[in-house]
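Step one of this worksheet: look at the structure below.
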Amino acid sequence: MRRMGEDVTEQLDYVPASFRVVRHVRPRLSCRSCERIVQAPLPSMPIERGRPGAGSLAHVSVSKYADHSPLYRQSGIYARQGVDLARSTLA
């Protein structure tokens, strides 16, 4: 058999956005001879000592200001996806 070409069919589908937890595991090591403890620094974060990632912050900001979606509505949307975020946390 020899190939004569191909037919391509494209379909547009919607995959809802999802949340994921990104874990940064930093082992704490100690030197047996000098008893010094070392650990790698935390990666840079958009909010120092904060939990949200850059994607979460961007999504909340765009939803609020560009899409005119109030925080109580965003909180409800996230709750339906299994993420419990209070309005005070989003503000």
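The values are calculated or read from the model by the stated rules, or taken from the named source; none is laboratory data. Remember, it's a predicted structure, so these values are computed and weren't measured experimentally. We place every Cβ from the backbone using ideal geometry, glycine too, and count neighbours over all the protein chains shown.
General observations
- Beta carbons closer than 6 Å, at least 6 apart along the sequence or on distinct chains, pair a first residue in segment 18-42 that is under 30 Å from GLN81 (Cα atoms) with a second that is not in a loop (DSSP other than H, G, I, E, B) for ARG26/GLN39.
- Selection over segment 34-62 of residues that are more than 16 Å from the chain's Cα centre (by Cα) and in a helix (DSSP H, G or I) gives a count of 0.
- All positions within segment 64-83 that are at negative phi and within 15 Å of the chain's Cα centre (by Cα): TYR78, GLN81, VAL83
- Hits in segment 2-29 (condition: outside any loop (DSSP other than H, G, I, E, B) and exposed (fewer than 10 other Cβ atoms within 10 Å of the Cβ)): ARG28
- Note on segment 15-64: residues that are among the basic types (Lys, Arg) and touching a strand residue (DSSP E or B) at 6+ places or on another chain (Cβ under 9 Å) total 3.
- Failed item in (1) surrounded by 10 or more Cβ atoms within 10 Å (Cβ to Cβ); (2) modelled with pLDDT of 90 or more; (3) outside any loop (DSSP other than H, G, I, E, B), with TYR65 passing the rest: (1)
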